[in-house]
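Each remark here refers to the structure printed beneath this line.
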Amino acid sequence: MAVKQFEDLEVWKEARRLTQIIYRLTKGEKFSKDFALRDQIQRAVVSIMSNIAEGFERGGNQEFIQFLYVAKASCGEVRSQIYVAFDQGYMPKTDSEESIVAFRRLSGMIGNLINYLRRSGMKGAKFSSSRQSD
């Protein structure tokens, strides 16, 4: 199956799923009152799925790769903020550990996509003669 839109990407679907989890976790009584950390982790997790989408929509693999690196970096940012949340008693140990593992996995998925795009030799949809406009 050819990927025609970013919503078809498994990596974007996983980023969306994890975004939902972070939003659920940040609704906790203590976490929701730490406005700075809550807002920062929410921005960082949204950045992951947004950069995957924006990079895909650019239509060129080099640009897509650049946006994927930003998304991958945001995975690290979210993991770091999960440690802060756990250390402050905002998250139970099981939630923090499961979240760390999930974001490491997502980071790996993004890295694998970057490697695939680098090896593929494809330049992207905007360089294709059969490109259709939206």
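The values are calculated or read from the model by the stated rules, or taken from the named source; none is laboratory data. The model shown is predicted, which means the values in this text are computed figures rather than measured ones. As a convention, Cβ positions derive from the backbone with ideal geometry for all residues, glycine included, and neighbour counts pool all protein chains shown.
Of all the numbered requirements in (1) more than 19 Å from Glu14 (Cβ to Cβ); (2) of a type in the set (A, V, I, L, M, F, W, C); (3) crowded, with 17+ Cβ neighbours inside 10 Å, Phe67 misses one, and that requirement is (1).
Counting residues in segment 27-48 that are among the charged types (D, E, K, R), outside any helix (DSSP H, G or I) and modelled with pLDDT of 95 or more gives one or more. Surrounded by fewer than 16 Cβ atoms within 10 Å (Cβ to Cβ), touching a residue at least 24 places away in the same chain (Cβ under 8 Å), in a helix (DSSP H, G or I) and of a type in the set (D, E, K, R): does that describe Glu57? Judged against the criteria, Glu57 is a match. Starting from residues that are of a type in the set (Phe, Trp, Tyr) and assigned to a helix (DSSP H, G or I), keep the ones in segment 60-94 and report whichever is farthest from Arg24 (Cα to Cα). Step by step, filter segment 60-94, then rank; the result is Phe64. Looking for something among the small types (Gly, Ala, Ser) and either under 11 Å from the mean Cα position of the chain (by Cα) or under 19 Å from Gln5 (Cα atoms) (or both) - is there at least one such residue anywhere in segment 83-99? For segment 83-99, residues among the small types (Gly, Ala, Ser) and either under 11 Å from the mean Cα position of the chain (by Cα) or under 19 Å from Gln5 (Cα atoms) (or both): absent.
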